[in-house]
Protein chains: 4
Amino acid sequence: MSQATLTDEALRYPIGKVQVPDTYTPELLAQYIADIKTLPARLRAAVIQLNEGQLRTTYRPGGWTLKQVVHHLGDSHLNSLVRIKLALTEDNPTILPYDEPAWAEQADHQLPIEASLKMLEGIHLRLVALYESLSDEQWDRTFYHPGAQKNYSLKFTAALYAWHSNHHLAHITTTMKQWGLA
Amino acid sequence: MSQATLTDEALRYPIGKVQVPDTYTPELLAQYIADIKTLPARLRAAVIQLNEGQLRTTYRPGGWTLKQVVHHLGDSHLNSLVRIKLALTEDNPTILPYDEPAWAEQADHQLPIEASLKMLEGIHLRLVALYESLSDEQWDRTFYHPGAQKNYSLKFTAALYAWHSNHHLAHITTTMKQWGLA
Amino acid sequence: MSQATLTDEALRYPIGKVQVPDTYTPELLAQYIADIKTLPARLRAAVIQLNEGQLRTTYRPGGWTLKQVVHHLGDSHLNSLVRIKLALTEDNPTILPYDEPAWAEQADHQLPIEASLKMLEGIHLRLVALYESLSDEQWDRTFYHPGAQKNYSLKFTAALYAWHSNHHLAHITTTMKQWGLA
Amino acid sequence: MSQATLTDEALRYPIGKVQVPDTYTPELLAQYIADIKTLPARLRAAVIQLNEGQLRTTYRPGGWTLKQVVHHLGDSHLNSLVRIKLALTEDNPTILPYDEPAWAEQADHQLPIEASLKMLEGIHLRLVALYESLSDEQWDRTFYHPGAQKNYSLKFTAALYAWHSNHHLAHITTTMKQWGLA
């Protein structure tokens with residue numbers, strides 16, 4: 001199946017958009033944490049199969065290269081860790097959005113992906129240690145996202161970052177399947 | 001030499017405070033970059049010699065444990081990367097300070113130090129790729145630090161993060177010397 | 001499903017024994033290489049979900065702990081790399097078997113698994129670089145295994161090490177499934 | 001100082017040849033272990049400063065490239081770990097020498113050095129765990145080296161591998177000093 005046979009929407013959202021549950025059950029939270037915990041290794045298992053030419057291929061027409069997707073996960077989850085720690089140490093702090101496309105154009109996105117794979121291995125251990133330490137009360141702590149103009153609870157961030165992990169990994173694995181790679 | 005024989009000032013500032021040069025010569029900038037480039041490996045070479053008990057020892061009375069110092073470098077340089085990328089993609093953005101002591105009390109500072117060592121290996125590769133890509137004009141780009149109430153140029157950040165790397169590494173190595181370790 | 005409901009044979013050989021194909025087609029060799037290439041990351045994705053108590057649980061009554069299985073993969077594929085390089089640089093060399101159970105009792109098998117995960121990440125990159133470089137003629141080079149009293153071709157070793165990777169990973173994942181982990 | 005101004009002997013043996021002490025004091029053994037423990041990080045702190053062109057430069061006329069030196073440390077200490085585990089689990093086993101120059105010509109020596117840096121990080125943790133676990137009696141266990149036609153005690157191997165670590169690191173750092181790098 002080539003990129004052309006999938007709609008732009010299907011290419012952009014291979015696992016759909018983030019789902020907000022009615023209730024954040026312990027089972028759901030545990031699943032979010034498991035997804036976040038395993039993302040760096042699942043990502044490595046996928047991208048280790050790719051050569052530099054494949055890494056420099058876009059996952060959809062006009063989209064990022066697979067290499068930029070890896071580095072974007074680094075950019076994004078770096079900010080995730082900052083936001084969670086701000087929410088735990090300040091009262092509903094206003095966090096700082098960043099210009100995702102502009103960040104993807106900087107020189108650090110040309111590095112070998114090992115730089116972001118290692119960074120993500122460390123960051124996700126940190127994210128998981130934080131989530132696993134939260135009391136019921138702390139799970140309800142929030143930060144304010146001025147772009148979305150909403151308060152995000154830590155529960156919601158767990159759903160969001162688990163989805164974001166799987167979402168971008170699916171950009172990579174969907175592309176790999178078109179090349180006959182697992 | 002025991003902790004008690006050094007003044008509190010000497011224990012807090014083993015290499016003194018950050019020096020701002022009259023002129024940021026290419027040689028100085030190259031030295032800052034080299035210090036930032038090698039910090040994760042120099043840090044690993046030091047702390048790999050320490051057992052858990054030693055890592056849980058403070059570097060000065062009332063100060064952080066060596067483990068917290070390692071994780072603080074992770075916290076701090078994570079924010080450094082965010083600030084540099086903001087300065088490169090926005091016009092003199094106001095960055096977000098964070099509560100360093102409160103961050104050091106969170107659950108992620110109890111993790112094995114490997115989490116932060118890996119994170120730092122990735123982050124410093126990113127920092128160096130960014131610095132090495134800068135044009136003269138970009139070196140003068142700035143962000144505004146609302147705590148310091150000052151604009152920080154990227155040149156100054158290179159001096160600052162190189163110093164910050166060596167400063168905290170010296171907290172660790174000074175303590176290790178008191179134990180007869182290199 | 002508990003360990004007790006699986007036969008000893010099923011617990012020992014969760015994916016059966018190594019299969020020797022009639023012909024080593026390019027597709028088969030590519031599959032072996034892909035399995036070897038991704039093993040360290042697939043292994044990490046599994047074991048990162050386990051705490052120390054789980055790692056110290058045996059995968060079958062009387063068998064190794066999951067931690068020993070990880071370190072055994074390190075022991076074994078270390079020797080694999082030695083054997084392939086010997087076969088490439090000497091004429092049908094006699095390799096040196098080792099006492100697998102006795103090696104699993106040494107002090108290095110008590111280390112945190114990170115030591116073997118990193119070692120395997122490096123070793124498997126080396127194994128794959130070697131396999132991917134082989135000419136048809138080199139694929140038929142051999143070493144002599146004095147325990148098995150057989151010559152092993154490099155083709156056979158690719159089949160063997162891919163199977164060995166998946167075999168021991170299945171010891172871990174089969175155990176994890178009994179605990180409700182993926 | 002250029003390569004030409006140093007004698008071939010000085011280039012080959014920048015720290016001299018391995019020293020065998022009259023007595024293996026606890027202090028000496030602790031120093032050997034410390035050198036082995038820190039080698040991977042000291043090596044990384046050096047080579048992270050080098051670009052691909054520098055890594056492809058020989059450390060002496062007719063000698064290996066710096067990249068081959070890094071990969072040779074991987075080859076060699078891989079065999080060191082095998083030999084120590086053989087000596088601990090068999091009675092004065094005869095170990096298997098390998099053709100060092102031929103091994104350095106194989107395809108795995110063309111890999112990015114990260115492959116061997118990671119491998120060495122894992123291997124050296126293993127080596128240190130083994131050495132630190134030894135009873136007085138075990139320190140005197142031996143293997144037989146058929147090339148040298150000598151029995152090597154584990155005490156001697158600690159001296160040898162510490163020297164071998166520092167010896168090859170000095171090949172790299174001596175070359176770097178000629179380029180004005182630390």
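The values are calculated or read from the model by the stated rules, or taken from the named source; none is laboratory data. Note that the coordinates shown come from a computational prediction; the quantities given were computed from them, not determined experimentally. No Cβ is skipped: glycine too gets one built from the backbone with ideal geometry, and neighbour counts run over all protein chains shown. SASA here: full protein model, heavy atoms, side chains in, ligands and nucleic acids out. Shrake-Rupley method; radii C 1.70, N 1.55, O 1.52, S 1.80 Å.
Taking segment A:159-182 on its own, how many of its residues are over 20 Å from A:Lys37 (Cα atoms) and either open to solvent by less than 10 Å² (accessible area, probe 1.4 Å) or not charged (D, E, K, R) (or both)?
Qualifying residue count, segment A:159-182: 8.
Do we find a residue being in contact with a helix residue (DSSP H, G or I) (Cβ under 9 Å, 6 or more places away or on another chain) and within 22 Å of B:Gln149 (Cα to Cα) anywhere in segment B:58-75?
Yes, the conditions are met somewhere in segment B:58-75.
Hey, among the residues in segment C:115-158 that are more than 13 Å from every other protein chain (Cβ to nearest Cβ), polar (S, T, N, Q) and surrounded by 15 or more Cβ atoms within 10 Å (Cβ to Cβ), which one's nearest to C:Gly74 (Cα to Cα)?
Residue satisfying both the conditions and the ranking: C:Thr157.
Being touching a Lys or Arg at 6+ places or on another chain (Cβ under 8 Å) and of a type outside the set (Phe, Trp, Tyr) is the requirement here; does C:Leu127 meet it?
Spelling it out, it is not the case that C:Leu127 is touching a Lys or Arg at 6+ places or on another chain (Cβ under 8 Å) and of a type outside the set (Phe, Trp, Tyr).
When residues of segment D:132-157 are filtered for being in a helix (DSSP H, G or I) and touching a Leu at 6+ places or on another chain (Cβ under 6 Å), how many remain?
Within segment D:132-157, residues that are in a helix (DSSP H, G or I) and touching a Leu at 6+ places or on another chain (Cβ under 6 Å) number 1.
Restricting to helices (runs of 4 or more DSSP H) lying wholly in segment C:1-114: which have 2 or more residues that are away from every other protein chain (no Cβ under 14 Å) and buried (at least 16 other Cβ atoms within 10 Å of the Cβ)?
Ranges flagged: C:26-47, C:66-89.
So is D:Glu90 under 15 Å from the mean Cα position of the chain (by Cα) and acidic (Asp, Glu) or not?
no
Find all pairs meeting these conditions: Cβ atoms under 6 angstrom apart; at least six residues apart or on different chains; first residue within segment A:72-85 and closer than 21 Å to A:Trp139 by Cβ; second residue outside any helix (DSSP H, G or I) and open to solvent by less than 10 Å² (accessible area, probe 1.4 Å).
A:Arg83/A:Ile95; A:Arg83/A:Phe143
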